[in-house]
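The values are calculated or read from the model by the stated rules, or taken from the named source; none is laboratory data. Fair warning: this is a prediction, and the values are worked out from it, not measured in the lab. Quick reminder, even Gly has a Cβ in these numbers, built from the backbone with ideal geometry, and neighbours come from all protein chains shown.
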């Protein structure tokens with residue numbers, strides 16, 4: 001008679017009971033997962049159109065706790081049709097109204113009305129955030145932006161602008177821009193500025209020389 005372990009009726013009964021327990025646990029987990037996918041999972045990214053200017057982060061104080069800028073945006077849906085054409089359209093609720101969300105800004109540059117942007121949800125707070133703005137249009141203030149002196153960058157206050165239907169339009173928000181050129185930026189000149197990748201300084205990129 002070959003060696004081995006024999007399973008008696010009691011062992012078979014126990015195996016059946018264990019199998020039933022495992023089956024119920026798997027069914028429970030499947031139902032839980034299906035429910036989460038259908039209703040409980042929050043979106044982490046959206047494509048939106050700004051409807052109320054997303055103001056910049058408050059830089060008027062040196063306090064440790066900062067205030068983020070805030071604005072509003074409408075949700076849009078991106079889809080591909082049967083002819084492989086990708087389009088986007090405003091998402092509407094049951095009454096045909098646009099779905100609007102609050103959007104927050106960590107940058108010191110505002111995001112203007114009618115801008116189409118991607119927003120992402122902050123993991124800890126659940127709030128919708130804009131991306132970090134890297135370039136902007138601006139107008140030099142009444143004192144212009146001083147020239148660089150040796151290794152000391154020039155500075156000056158500028159107002160952030162955007163283009164609306166071809167017209168340069170002020171956001172009403174200002175910041176201090178640095179100038180790496182040995183030539184000063186004249187008062188009221190329109191310029192482009194960009195963010196230095198190593199810090200939060202904004203530097204003059206190009207000036208209207210006309």
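Being at pLDDT 95 or above and outside any strand (DSSP E or B) is the filter; apply it to region 34-55 and report the residue that is surrounded by the most Cβ atoms within 10 Å (Cβ to Cβ). Ranking the candidates gives 53 first. Of all positions in region 98-120, at least one carries a residue that is at pLDDT 90 or above and more than 30 Å from residue 194 (Cα to Cα).
Of the strands (runs of 3 or more DSSP E) lying entirely inside region 154-210, those carrying at least 2 residues that are free of Cβ contacts under 8 Å to residues at least 60 places away in the same chain and over 16 Å from residue 136 (Cα atoms) are 154-164.
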